[in-house]
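Peer 1: What follows is a structure written as structure tokens; I'll ask about it next.
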């Protein structure tokens, strides 16, 4: 009996690595295959940052499919699992069909896409895990090994020649401390990319090479599952997964273990939806982290979770990078369309508190603040964009502004509204479209002729970009907007933005402090010494 878990385009796949650990801890032989990795694509995004890149998928060749099949034949699995995100649906179908032609082995899909669109997924595979997969996958593996039927396992749908059994959902695991740490060691793991096996090779979040062993410079984890918010563009709005959190001790033991195994560790990424939930937990974490770990970390933040004492404690402990979602500067758009409760006044309070953390003494001298914005929303009017500009101009300067294209996922309320209004078609929904994997960031295209809605929106996005830089006065941005300066010449406005970005970014000393910190994080010397450096492509 062996279970093989396949991660599509996500070598770091926290969910599959957690499942790997869970099965392994229960004595079930398991292997992990990283099939294809995300590649970095240059994008002139006008971010107040040296890194203007984003992750995207590349074409999967038949040669790579054959390499995958050969590796599966070598492993001889009794069960094959695929982690599937919406943008990966076409590839998951292709891989599954290839597997079914070669092997008489059940294939199960799990992850975000099978959870939000199980009906479509179960038509393409043998089994689908809807929701949390730890116990369902364990039970399924044991029953296959024992030769017992598995038609009645909660959370799992079964397709037997077109006859589908849809089992009920099960309760979530309450105590997350019962779960083993996500497994990042090289044992029983292989990677396939560039048309061949990549033995002991993995790619960290920034695209730099390391081999799943002490050459890793970044550790990624989560302290919580679920979210207290209900944003209409997020999977949590559909699954309503309640918020659960690991104990501080459990989290710290994981990071201490990672630090012992990886002497080159420079940064910890906490991928929790909102990290600052629960003042008592956060204060305990900050106190213990600063004593036992002392490694800079990244964490998301939210305007409604900005308790001052919590923020300062986390900053002192090593919090060095954060991303806070604005989504829109229009309160009406946020409330009506995105189901976000925060007011503009609350966003400004949050932004000022984050900015004040720059002055707090910490393990990491620089505190980087990113603000996210949802781009190309056809329901966002010029009045909404003007309100957004007012808000962004009111934020403390020297932040990093990044805009992401609005994506539409199956069965989301947001998607249904746009379908009913005729703004999108079925072809625009993820699973049919792969925009969230390839085009989730777009930058200004000098060769494109922007008209109507797109011209108005692109004009304001360029003004938003100017608002991040100290070098360019707010009064000048407001004057340009009132008079429509450059509205008919977007290429000239884009050139102005690029010029301001260059001057502000390259002539501000604090930016080089951050660049030096990034270079330390990459740990090139350690990678070169151990032959683990992989050139960024």
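The values are calculated or read from the model by the stated rules, or taken from the named source; none is laboratory data. From a predicted model like this one, the values you see are computed outputs, not experimental measurements. Reconstructed Cβ throughout: ideal geometry from the backbone, glycine too, with neighbour counts over all protein chains shown.
Let's see how each residue does on (1) surrounded by fewer than 17 Cβ atoms within 10 Å (Cβ to Cβ); (2) modelled with pLDDT of 95 or more:
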{"site": "378", "(1), (2)": "yes, no"}
{"site": "381", "(1), (2)": "yes, yes"}
{"site": "392", "(1), (2)": "no, yes"}
{"site": "397", "(1), (2)": "yes, no"}
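Peer 1: Considering 251, 277, 268, which residue is at pLDDT 90 or above, buried (at least 18 other Cβ atoms within 10 Å of the Cβ) and in a strand (DSSP E or B)?
Peer 2: Numbers: 251 fails: in a strand (DSSP E or B); 277 fails: in a strand (DSSP E or B).
None of the other options fit; the residue is 268.
Peer 1: From (1) part of a helix (DSSP H, G or I); (2) within 26 Å of the chain's Cα centre (by Cα), pick out the condition that doesn't hold for residue 60.
Peer 2: Of the numbered conditions (1) part of a helix (DSSP H, G or I); (2) within 26 Å of the chain's Cα centre (by Cα), the odd one out for residue 60 is (1).
Peer 1: Let me ask you something else. Given the criteria touching a residue at least 12 places away in the same chain (Cβ under 8 Å), touching a strand residue (DSSP E or B) at 6+ places or on another chain (Cβ under 9 Å), buried (at least 17 other Cβ atoms within 10 Å of the Cβ) and under 30 Å from residue 39 (Cβ atoms), does residue 156 qualify? Break it down stepwise before answering.
Peer 2: Working: touching a residue at least 12 places away in the same chain (Cβ under 8 Å): yes; touching a strand residue (DSSP E or B) at 6+ places or on another chain (Cβ under 9 Å): yes; buried (at least 17 other Cβ atoms within 10 Å of the Cβ): yes; under 30 Å from residue 39 (Cβ atoms): no.
No.
Peer 1: Could you list, in sequence order, all residues of the stretch 170-201 that are touching a strand residue (DSSP E or B) at 6+ places or on another chain (Cβ under 9 Å) and farther than 24 Å from residue 2 by Cβ? Outline the logic, then answer.
Peer 2: Of all residues in the stretch 170-201, those touching a strand residue (DSSP E or B) at 6+ places or on another chain (Cβ under 9 Å) come to 172-176, 181-184, 186, 188-193, 197-201.
Result: 172, 173, 174, 175, 176.
Peer 1: Could you list, in sequence order, all residues of the stretch 91-109 that are free of Cβ contacts under 8 Å to residues at least 40 places away in the same chain, closer than 14 Å to residue 8 by Cβ and touching a strand residue (DSSP E or B) at 6+ places or on another chain (Cβ under 7 Å)?
Peer 2: 96, 99, 107, 109
Peer 1: Counting only residues that are within 21 Å of residue 303 (Cα to Cα) and in contact (Cβ under 8 Å) with a residue 60 or more places away in the chain, which one in the stretch 242-284 is nearest to the chain's Cα centre (by Cα)? Show your work before the answer.
Peer 2: Residues of the stretch 242-284 within 21 Å of residue 303 (Cα to Cα): 242-245, 269-283.
Subsequent filtering for residues that are in contact (Cβ under 8 Å) with a residue 60 or more places away in the chain retains 242, 244-245, 269, 271.
Working: 242: 19, 244: 19, 245: 19, 269: 11, 271: 8 Å.
If we take residues in the stretch 242-284 being within 21 Å of residue 303 (Cα to Cα) and in contact (Cβ under 8 Å) with a residue 60 or more places away in the chain, then 271 is nearest to the chain's Cα centre (by Cα).
Peer 1: Please state which of the following conditions residue 75 fails to meet, knowing it meets all the rest: (1) in contact with a helix residue (DSSP H, G or I) (Cβ under 9 Å, 6 or more places away or on another chain); (2) surrounded by fewer than 22 Cβ atoms within 10 Å (Cβ to Cβ).
Peer 2: Only one criterion in (1) in contact with a helix residue (DSSP H, G or I) (Cβ under 9 Å, 6 or more places away or on another chain); (2) surrounded by fewer than 22 Cβ atoms within 10 Å (Cβ to Cβ) is unmet by residue 75, namely (1).
Peer 1: Which residue out of 45, 115 is outside any loop (DSSP other than H, G, I, E, B), in contact with a helix residue (DSSP H, G or I) (Cβ under 9 Å, 6 or more places away or on another chain) and farther than 16 Å from residue 8 by Cα? Lay out the reasoning, then the answer.
Peer 2: Details: 45 fails: outside any loop (DSSP other than H, G, I, E, B).
Matching residue, one of 45, 115: 115.
Peer 1: With the condition kept exactly as written, say whether any residue in the stretch 470-484 is modelled with pLDDT of 90 or more, in contact with a strand residue (DSSP E or B) (Cβ under 8 Å, 6 or more places away or on another chain) and assigned to a helix (DSSP H, G or I).
Peer 2: no
Peer 1: For the stretch 218-230, how many residues meet the condition of being modelled with pLDDT under 90 and within 25 Å of residue 334 (Cβ to Cβ)?
Peer 2: 1
Peer 1: Please indicate, with yes or no, whether at least one residue in the stretch 287-300 is under 19 Å from the mean Cα position of the chain (by Cα), modelled with pLDDT of 95 or more and assigned to a loop (DSSP other than H, G, I, E, B).
Peer 2: no
Peer 1: Need at least 3 residues that are closer than 23 Å to residue 120 by Cα and modelled with pLDDT under 90 per element, so show me which helices (runs of 4 or more DSSP H) inside the stretch 399-467 make the cut, counting only ones lying wholly within it.
Peer 2: Working: elements: 413-420, 435-438, 452-467.
By residue number, 435-438.
Peer 1: Which condition does residue 383 not pass, out of (1) more than 30 Å from residue 314 (Cα to Cα); (2) in contact with a helix residue (DSSP H, G or I) (Cβ under 6 Å, 6 or more places away or on another chain); (3) assigned to a helix (DSSP H, G or I), if it passes all the others?
Peer 2: Tallying (1) more than 30 Å from residue 314 (Cα to Cα); (2) in contact with a helix residue (DSSP H, G or I) (Cβ under 6 Å, 6 or more places away or on another chain); (3) assigned to a helix (DSSP H, G or I), residue 383 fails exactly one: (2).
Peer 1: Assess whether residue 421 counts as being loosely packed, with under 15 Cβ neighbours inside 10 Å and over 19 Å from the mean Cα position of the chain (by Cα).
Peer 2: Details: loosely packed, with under 15 Cβ neighbours inside 10 Å: yes; over 19 Å from the mean Cα position of the chain (by Cα): yes.
The answer is yes for residue 421.
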